[in-house]
1. If you go through the range 19-70, how many residues are in contact (Cβ under 8 Å) with a residue 24 or more places away in the chain, assigned to a loop (DSSP other than H, G, I, E, B) and within 18 Å of residue 89 (Cα to Cα)?
2. Just one of 46, 9 is at pLDDT below 90, over 14 Å from the mean Cα position of the chain (by Cα) and loosely packed, with under 14 Cβ neighbours inside 10 Å; which is it?
3. Does residue 90 satisfy the criteria of being surrounded by 13 or more Cβ atoms within 10 Å (Cβ to Cβ), touching a strand residue (DSSP E or B) at 6+ places or on another chain (Cβ under 8 Å) and assigned to a loop (DSSP other than H, G, I, E, B)?
4. Being within 25 Å of residue 38 (Cβ to Cβ) and surrounded by 13 or more Cβ atoms within 10 Å (Cβ to Cβ) is the filter here, so list the residues in the range 113-130 that pass it.
5. Hey, could you check the range 93-112 for residues that are at pLDDT below 95 and part of a loop (DSSP other than H, G, I, E, B) and say which is surrounded by the fewest Cβ atoms within 10 Å (Cβ to Cβ)?
């Protein structure tokens, strides 16, 4: 599937105000890279924090899980979140790259957000029995 087809195929549930804009999707070597634009009007900025909006870390994890479920076509119902790191804040208007990489043998799916090649956050979902 081409990058344009991936972008069109993504079906994000709920209110569009909770999602980033997906500018493109690249696939290769068992991984996907999504180019994301974080709208200033994103609902998650409301109240977090007044006067200095910052994207909550839990939202970054939520997005990674939702995109992984769609792009890989499978995801464990129960999982553990490992090696979670938040390196820098995500502000309104940010352009991010979300990289999702699957290791089937280890039952692990890693995610990494970067902004202009700088680490923003990262972690791994592992099957709860792995």
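1. 10
2. 9
3. Judged against the criteria, residue 90 is a match.
4. Residues satisfying the conditions are 113, 114, 115, 119, 120, 121, 122, 123, 124, 125.
5. The qualifying residue surrounded by the fewest Cβ atoms within 10 Å (Cβ to Cβ) is 105.
The values are calculated or read from the model by the stated rules, or taken from the named source; none is laboratory data. This is a predicted model, so every value here is computed, not measured. Because the Cβ atoms are built from the backbone with ideal geometry, glycine has one as well, and the counts that use them run over all protein chains shown.
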